[in-house]
1. Looking at this model, which pairs from Lys25/Lys215; Lys25/Lys287; Lys186/Lys287; Lys39/Lys194 are more than 23 angstrom apart at the alpha-carbon?
2. Assuming R0 = 30 Å, can you tell me the calculated FRET efficiency for the pair Asp84 and Ala160, based on Cβ-Cβ distance, to the nearest 0.05?
3. Please compute one quarter of the surface area of the Cα convex hull for the stretch 4-301 and express it in square nanometres.
4. Cut-off is 10 Å between beta-carbons; in what order do Ser111, Ser89 appear when sorted fewest neighbours first?
5. Along the stretch 275-283, what does the Karplus equation 6.51 cos²θ - 1.76 cosθ + 1.60 (θ = phi - 60°) give for ³J(HN,Hα), rounded to whole Hz, x for Gly and Pro?
6. If exposed means no more than 12 neighbouring beta carbons inside 10 Å and the site is in a DSSP loop, what's the longest run of the chain without any exposed trypsin sites (Lys or Arg not before Pro)?
7. Determine, from the Cβ-Cβ distance of Met230 and Ser102 and an R0 of 45 Å, the FRET efficiency 1/(1 + (r/R0)^6), rounded to the nearest 0.05.
8. According to the square roots a ≥ b ≥ c of the eigenvalues of the Cα gyration tensor, what is the shape class of the stretch 99-140, taking rounded for a/c under 1.5, prolate for a/b larger than b/c otherwise, and oblate for the remainder?
Amino acid sequence: MTAPQELQLNYRHAFHAGNFADVVKHVALALCLDRLNAKEAPYRYIDTHAGIGLYDFEGEEAGRSPEWKDGVGRIWEAERGAPDLVRASLAPWLNVIRRLNSGGVQHYPGSPVLAAEMMRKDDALRLCELHPPSAELLRQAMGRDKRVKIEERDGFDALAAYLPPPERRGLVLIDPPFEAGTSERKQDFDWMLKAAARAVKRWPLGTYVFWRPIKDVEAVEAFDSELASMLIEEGGVAAEKLLVADLWVKAIGPGPLGGAGIVIVNPPYGVAEHMRAAMPWLCNLMKQGEGAGWRVETPAEI
Ligand SMILES: C[S@@+](CC[C@H](N)C(=O)[O-])C[C@H]1O[C@@H](n2cnc3c(N)ncnc32)[C@H](O)[C@@H]1O
């Protein structure tokens, strides 16, 4: 199997930043970090595939592919009219976006900036970005922040060395590009499983967020079930400590990405309820055609 660092790094998240898939991932991430902030003890955020950190919707890539307009763009317009519980569920994420923008939404926080904006002064961030120009943009976005360490290396490889974090509290986001041809897409599933197996043995109590696209429902079901069995059998993770949150904006089929979601391992208290509250509203708002839907479930319910 080709190692990740030998692959051509063609993926540019700037074309997709703020789309429906980012919304689900970032809403969930912000809810998890908000709960981690509820306790005073410091924690660590580890992002194995960090991207460039901050996205400019007036920049060239987003201008050529304005996916954000059907994602965060729709939410920005409609959020004030949402029910209170939905607004409370979106608040940790939207509060950061509001801080970075005055008026319309132009500057969109990727996962590293979202985390850095939410975390406290004694918390720590470890970010991996393998693509050198993206890593340089990430360094610029994060500025001189003593909490942050950026490594230009393969995040799957690096992860085990970060675990367990010295703080013994925190969250790992594993968000690979899944972009190249079909075989590489399959490889990201395989690498995620391998990285998860190593990680959970070293730190079974950590919170992990795995992002995956839903292009091929069978491939996602196979991944989820393999991940769940491995975590439960080898990592000793309880089945009810797994949470799947998926959203599809149209029927899954060929063409542009129609569905995506996350698997959260050891979700902090309250995150499942908030995701259940937000998803019907998010789905209704971001749907692009017939067959849209969502689910928030634990494997025991699947
Ligand atoms: C989906 S984007 C990350 C988005 C980011 N996590 C966010 O939510 O804002 C994936 C990123 O991973 C980078 N990448 C690809 N393979 C990698 C690897 N093996 N290790 C680290 N980064 C990698 C790509 O250059 C790209 O910037």
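What follows is calculated from the coordinates using simple rules that are stated; it is not laboratory data. For clarity, every value in this text was computed on a predicted model and none was experimentally measured. Counting neighbours? That spans all protein chains shown, and the Cβs are built from the backbone with ideal geometry, glycine included.
1. Values: Lys25/Lys215 16 Å; Lys25/Lys287 16 Å; Lys186/Lys287 27 Å; Lys39/Lys194 31 Å.
Pairs exceeding the cut-off: Lys186/Lys287; Lys39/Lys194.
2. On the way: r = 42 Å, r/R0 = 1.41.
After rounding, the FRET efficiency stands at 0.10.
3. On the way: hull surface 57.1 nm².
In nm², the orientation-averaged hull projection of the stretch 4-301 is 14.3.
4. On the way: Ser111 24, Ser89 27.
Going from sparsest to densest Cβ surroundings: Ser111, Ser89.
5. Running phi through 6.51 cos²θ - 1.76 cosθ + 1.60 with θ = phi - 60° gives 5, 4, 6, 7, 4, x, 5, 4, 5 Hz.
6. Details: sites that count: Lys39, Arg120, Lys121, Arg144, Lys146.
It works out to 147-302.
7. 0.45
8. Details: a/c = 3.02, a/b = 1.19, b/c = 2.53.
Because a/c hits 1.5 or more and a/b fails to exceed b/c, the stretch 99-140 counts as oblate.
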